[in-house]
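The values are calculated or read from the model by the stated rules, or taken from the named source; none is laboratory data. Everything numeric here is computed off the predicted structure, so don't read it as measured data. So basically every Cβ, Gly included, is an ideal-geometry build from the backbone, and we count neighbours across all protein chains shown.
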């Protein structure tokens, strides 16, 4: 077998904080070039799982692989520079310009073409570099800030992006626009995405596959149509009903 | 900073074993001690002995500590204080026995000698207003005990604490006052005259007792031990410079209590300068030539004239003291920044120990300055170095605290994202936490700077100069204008330092 098909894989990982088990033998596979969404309520362990892939959290048991290599054998800082990351609140450096924020990862990697890479990424994320690059984050709207965060995640051309509730803090219209931007982006870039969200509709829109988590365990791992057709548990069925119910009248 | 140190240090040359090394003459911070110290100094100078003055050291512990460590050579002390405060022996009442005892014990234990007494005793004097004495028929301390429940006492903190002060007095006479409060020597007399209190402690040689027309109550049970004044000198001075000892001994038995009271009155009541009173006293005793008349006439202008003209007249001196004050603050603050900012940043990397370390630094803040100076005396002596060190210690806390909390609480989302995208801990500190914390750190430095301007007046207690000098001397002499000539420039300096550091704070704040 040549290169492994999975860009990201967690194999029976367990994470405990004291007596609290946050993840209980969780396994997830994200095939190369796909987008997998982890859906669950807060406290389900979805963010902890995401943070294992760039070694911000270490598992107590089990293993985590990136492109088939156990991350425990990789330097965390080097690993993180190869993986894009978009947090919920943008997490832009408030004292840095849009341009400098977008240049962050190429700059950390001493990439001489970081200015072009940043401009390119800003344009991809839907911001005109000529208009926005000199601005400070405080001079942007919430949606614009999140676009800068996406540009920052993509500027160094990572082939993996981790997104932790990337659009959760935005109003519905802005969220829709950014989701659209990301769908278009994925069509142009060969990028593997692990998306953490509590919003099943967002998962349906962006992801090829959905992993439903509950209390540190995987409840169901399936493509969206199968999830809707065959919910594996009453919990998944209830989650689907709540997320998609008010669409039903229009559908029927 | 090195330049600044260079400017300060010439005042503090290393102790050389040179016979021509100036004799360091000191005093404690009250009028009579200032005057006696100045008389010692002028007499030595008149005999061709080089002198350096360290007048107004902050109390018995500091003056005696400085003498033991060789930072000073001689200062005026009282046998009773030596017995009770320094030797911690029980009180005795035969003056000769007390003097013999302290002379023997000081030589044996401290290698320090008492020169033959100056000729007068200065003991505590419990005083009341004449009207109080008349209406309540008060002559003696036993009389006071009878009516004490109706009277309020105002005593110096020193008198409140010492065994030969209020605790012993209350026990010996069964005096129970309605209430007592701690008063500074400078306000004690005024508080009594204006009826704020009814009984105060004074000295039997005080010039102010007569000025305020007070009645001193007779110590009919001989509670207060004798306090014979004498020069207290290092034995090393006798070895290195026997001539200095011989000169100082010329004053022995020459000052009786009447003469001393009259001299104190000129200083404390008439407001003549210490220098001119000392000069004319030495001349009157026939120890030096006649005092320069024009000089003493100038000094005799006393305390008339406005505060403004007083300040204008001394502007050169005030400017020099302010410059020195500022230098003390600048050097100690720079040193504190150099330690406290890196320490605060290091603690961010070791959050488990941070609170303990910061609390320990904060404890330094609670040490009273006199105690801190007395504690450092054996290692650092007196003068500029211990003053800088004390100011440095007092400046650490606000800077460490603000640095640590500034970097600790800097935009958590930005810190988390920067880490997740591959910044190392050091890079996060340097590029995210530190710039975001800069205004908070600067605010800490600003707090420390303003506090240091106020605290730097403590330098006067250990002869390091600055604007504390006129404050300490003015308090000792109850000279409001002299106090203000230090306090007003110090307040102005605090405002200037605050303003300058506020600009620095604004400059350090990143646009965001």
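Please state which one of B:357, B:331, B:361 is out of contact with any strand residue (DSSP E or B) (no Cβ under 9 Å at 6 or more places or on another chain), modelled with pLDDT of 95 or more and in a helix (DSSP H, G or I). Lay out the reasoning, then the answer.
Details: B:357 fails: modelled with pLDDT of 95 or more; B:361 fails: modelled with pLDDT of 95 or more.
Selected residue: B:331, the only one of B:357, B:331, B:361 that is out of contact with any strand residue (DSSP E or B) (no Cβ under 9 Å at 6 or more places or on another chain), modelled with pLDDT of 95 or more and in a helix (DSSP H, G or I).
Determine whether region B:191-203 contains at least one residue that is outside the structural domain of residue B:254 (by TED's automatic domain parsing), within 30 Å of residue B:247 (Cβ to Cβ), in contact with a helix residue (DSSP H, G or I) (Cβ under 9 Å, 6 or more places away or on another chain) and part of a strand (DSSP E or B).
Quick first cut of region B:191-203, residues outside the structural domain of residue B:254 (by TED's automatic domain parsing) only: B:191-203.
If we keep only those that are within 30 Å of residue B:247 (Cβ to Cβ) as well, we get B:203.
Checking which are in contact with a helix residue (DSSP H, G or I) (Cβ under 9 Å, 6 or more places away or on another chain) leaves us with B:203.
From what's left, part of a strand (DSSP E or B): B:203.
For region B:191-203, residues outside the structural domain of residue B:254 (by TED's automatic domain parsing), within 30 Å of residue B:247 (Cβ to Cβ), in contact with a helix residue (DSSP H, G or I) (Cβ under 9 Å, 6 or more places away or on another chain) and part of a strand (DSSP E or B): present.
From the list B:396, B:421, which residue is in contact with a strand residue (DSSP E or B) (Cβ under 8 Å, 6 or more places away or on another chain) and either in the same structural domain as residue B:373 (by TED's automatic domain parsing) or touching a residue at least 12 places away in the same chain (Cβ under 8 Å) (or both)?
Details: B:396 fails: in contact with a strand residue (DSSP E or B) (Cβ under 8 Å, 6 or more places away or on another chain).
Unique residue meeting the criteria: B:421.
What do you reckon, is residue B:458 in contact (Cβ under 8 Å) with a residue 60 or more places away in the chain and within 14 Å of another protein chain (Cβ to nearest Cβ)? Don't jump to the end; show me each part of the working.
Values: in contact (Cβ under 8 Å) with a residue 60 or more places away in the chain: yes; within 14 Å of another protein chain (Cβ to nearest Cβ): no.
Answer is no for this residue.
Kindly provide the set of residues from region A:63-84 that are at the interface with chain B (Cβ under 9 Å from one of its Cβ atoms) and in a loop (DSSP other than H, G, I, E, B), ordered by number. First the steps, then the outcome.
Taking region A:63-84 and keeping what is at the interface with chain B (Cβ under 9 Å from one of its Cβ atoms), we get A:76-84.
If the condition is that a residue be at the interface with chain B (Cβ under 9 Å from one of its Cβ atoms) and in a loop (DSSP other than H, G, I, E, B), then A:82 is the only one that fits.
So residue A:115 fits all but one of (1) more than 25 Å from residue A:175 (Cβ to Cβ); (2) at the interface with chain B (Cβ under 8 Å from one of its Cβ atoms); what number is the exception?
(2)
Hey, could you check region B:398-418 for residues that are closer than 14 Å to residue A:152 by Cα and in contact with a helix residue (DSSP H, G or I) (Cβ under 6 Å, 6 or more places away or on another chain) and say which is nearest to the other protein chains (Cβ to nearest Cβ)?
Among those residues, the one meeting the criterion is B:414.
Kindly provide the set of residues from region A:52-62 that are surrounded by 16 or more Cβ atoms within 10 Å (Cβ to Cβ) and under 13 Å from residue A:23 (Cα atoms), ordered by number.
Initial filter on region A:52-62 (surrounded by 16 or more Cβ atoms within 10 Å (Cβ to Cβ)): A:52-57, A:59, A:62.
If the condition is that a residue be surrounded by 16 or more Cβ atoms within 10 Å (Cβ to Cβ) and under 13 Å from residue A:23 (Cα atoms), then A:52, A:57, A:59, A:62 are the ones that fit.
Give, as residue ranges, the helices (runs of 4 or more DSSP H) completely inside region A:148-252 that count at least 2 residues that are at pLDDT 90 or above. I'd like the intermediate steps shown before the answer.
Values: elements: A:172-188, A:200-206, A:224-229, A:234-244, A:248-251.
Passing ranges, in order: A:172-188, A:200-206, A:224-229, A:234-244.
Before we move on, is residue A:196 within 15 Å of the chain's Cα centre (by Cα) and surrounded by fewer than 17 Cβ atoms within 10 Å (Cβ to Cβ)?
no
Regarding residue B:391, is this residue assigned to a helix (DSSP H, G or I), more than 11 Å from every other protein chain (Cβ to nearest Cβ), at pLDDT below 90 and buried (at least 23 other Cβ atoms within 10 Å of the Cβ)?
Numbers: assigned to a helix (DSSP H, G or I): yes; more than 11 Å from every other protein chain (Cβ to nearest Cβ): yes; at pLDDT below 90: no; buried (at least 23 other Cβ atoms within 10 Å of the Cβ): yes.
Answer is no for this residue.
Which of the following residues is surrounded by 20 or more Cβ atoms within 10 Å (Cβ to Cβ), in the same structural domain as residue B:25 (by TED's automatic domain parsing), at pLDDT 90 or above and under 20 Å from residue B:474 (Cα atoms): B:267, B:277? Talk me through it step by step, then tell me what you get.
Numbers: B:267 fails: at pLDDT 90 or above.
Just one listed residue meets the conditions, B:277.
Any residue that is within 21 Å of residue B:419 (Cα to Cα) and within 18 Å of the chain's Cα centre (by Cα) - is there at least one of those in region A:22-45? Quick ask: steps written out before the conclusion?
Step one: of region A:22-45, the residues within 21 Å of residue B:419 (Cα to Cα) are A:45.
Within this subset, residues satisfying the condition of being within 18 Å of the chain's Cα centre (by Cα) are A:45.
Yes.
Checking residue A:109 against (1) away from chain B (no Cβ under 14 Å); (2) surrounded by fewer than 17 Cβ atoms within 10 Å (Cβ to Cβ): exactly one of these is not met. Which one?
(1)
Test residue B:308 against the stated conditions and say whether it is modelled with pLDDT under 90, outside the structural domain of residue B:394 (by TED's automatic domain parsing) and either closer than 24 Å to residue B:464 by Cα or not in a helix (DSSP H, G or I) (or both). Talk me through it step by step, then tell me what you get.
Working: modelled with pLDDT under 90: yes; outside the structural domain of residue B:394 (by TED's automatic domain parsing): yes; either closer than 24 Å to residue B:464 by Cα or not in a helix (DSSP H, G or I) (or both): no.
No, not satisfied.
Hey, among B:478, B:485, which residue is over 30 Å from residue A:158 (Cα atoms), outside any helix (DSSP H, G or I) and more than 14 Å from chain A (Cβ to nearest Cβ)?
Working: B:485 fails: outside any helix (DSSP H, G or I).
When all the criteria are applied, what remains is B:478.
Looking only at residues in region B:158-190 that are in contact with a helix residue (DSSP H, G or I) (Cβ under 6 Å, 6 or more places away or on another chain) and not in a loop (DSSP other than H, G, I, E, B), which one is surrounded by the most Cβ atoms within 10 Å (Cβ to Cβ)?
Of everything passing the filter in region B:158-190, B:159 is surrounded by the most Cβ atoms within 10 Å (Cβ to Cβ).
Here is a list: B:237, B:232, B:255. Which entry is closer than 13 Å to residue B:112 by Cα and outside any helix (DSSP H, G or I)?
Working: B:237 fails: outside any helix (DSSP H, G or I); B:255 fails: closer than 13 Å to residue B:112 by Cα.
It is B:232.
Identify, by number, the condition in (1) surrounded by 23 or more Cβ atoms within 10 Å (Cβ to Cβ); (2) at pLDDT 95 or above that residue B:83 doesn't meet.
With respect to (1) surrounded by 23 or more Cβ atoms within 10 Å (Cβ to Cβ); (2) at pLDDT 95 or above, residue B:83 is out only on (2).
Residue by residue through region A:19-42, note down the ones that are more than 11 Å from residue A:213 (Cα to Cα) and not in a strand (DSSP E or B).
A:19, A:32, A:33, A:34 - these are the residues of region A:19-42 that are more than 11 Å from residue A:213 (Cα to Cα) and not in a strand (DSSP E or B).
Kindly indicate which of B:440, B:472, B:432 is more than 13 Å from chain A (Cβ to nearest Cβ), buried (at least 21 other Cβ atoms within 10 Å of the Cβ) and either touching a strand residue (DSSP E or B) at 6+ places or on another chain (Cβ under 6 Å) or farther than 30 Å from residue B:72 by Cβ (or both). Write out each step before concluding.
On the way: B:472 fails: either touching a strand residue (DSSP E or B) at 6+ places or on another chain (Cβ under 6 Å) or farther than 30 Å from residue B:72 by Cβ (or both); B:432 fails: more than 13 Å from chain A (Cβ to nearest Cβ).
Being more than 13 Å from chain A (Cβ to nearest Cβ), buried (at least 21 other Cβ atoms within 10 Å of the Cβ) and either touching a strand residue (DSSP E or B) at 6+ places or on another chain (Cβ under 6 Å) or farther than 30 Å from residue B:72 by Cβ (or both) holds for just one of B:440, B:472, B:432, which is B:440.
Here are A:40, A:62: which of them is under 19 Å from residue A:217 (Cβ atoms) and without any contact (Cβ under 8 Å) to a residue 60 or more places away in the chain? Don't jump to the end; show me each part of the working.
Details: A:40 fails: without any contact (Cβ under 8 Å) to a residue 60 or more places away in the chain.
Exactly one of A:40, A:62 is under 19 Å from residue A:217 (Cβ atoms) and without any contact (Cβ under 8 Å) to a residue 60 or more places away in the chain, namely A:62.
If you check A:152, A:147, which single one turns out to be within 25 Å of residue B:511 (Cβ to Cβ) and within 11 Å of chain B (Cβ to nearest Cβ)?
Values: A:147 fails: within 11 Å of chain B (Cβ to nearest Cβ).
The match here is A:152.
Please go through region B:419-429 and pick out each residue that is crowded, with 19+ Cβ neighbours inside 10 Å and more than 8 Å from chain A (Cβ to nearest Cβ). Full working, then the answer.
Step one: of region B:419-429, the residues crowded, with 19+ Cβ neighbours inside 10 Å are B:419-423, B:428-429.
Hits for region B:419-429 are B:428, B:429.
Let me confirm something: among B:322, B:374, B:291, which residue is touching a helix residue (DSSP H, G or I) at 6+ places or on another chain (Cβ under 8 Å), surrounded by 14 or more Cβ atoms within 10 Å (Cβ to Cβ) and modelled with pLDDT of 90 or more? I'd like the intermediate steps shown before the answer.
Details: B:374 fails: modelled with pLDDT of 90 or more; B:291 fails: modelled with pLDDT of 90 or more.
Matching residue, one of B:322, B:374, B:291: B:322.
Table: residues versus (1) within 22 Å of residue B:59 (Cα to Cα); (2) over 21 Å from the mean Cα position of the chain (by Cα); (3) outside the structural domain of residue B:330 (by TED's automatic domain parsing).
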site: B:429; (1), (2), (3): no, yes, no
site: B:435; (1), (2), (3): no, yes, no
site: B:444; (1), (2), (3): no, yes, no
site: B:451; (1), (2), (3): no, no, no
site: B:455; (1), (2), (3): yes, no, no
site: B:461; (1), (2), (3): yes, no, no
site: B:466; (1), (2), (3): yes, no, no
site: B:470; (1), (2), (3): yes, no, no
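What's the number of the only condition in (1) crowded, with 24+ Cβ neighbours inside 10 Å; (2) touching a residue at least 60 places away in the same chain (Cβ under 8 Å) that residue B:102 fails to meet?
Checking residue B:102 against (1) crowded, with 24+ Cβ neighbours inside 10 Å; (2) touching a residue at least 60 places away in the same chain (Cβ under 8 Å), the one that fails is (2).
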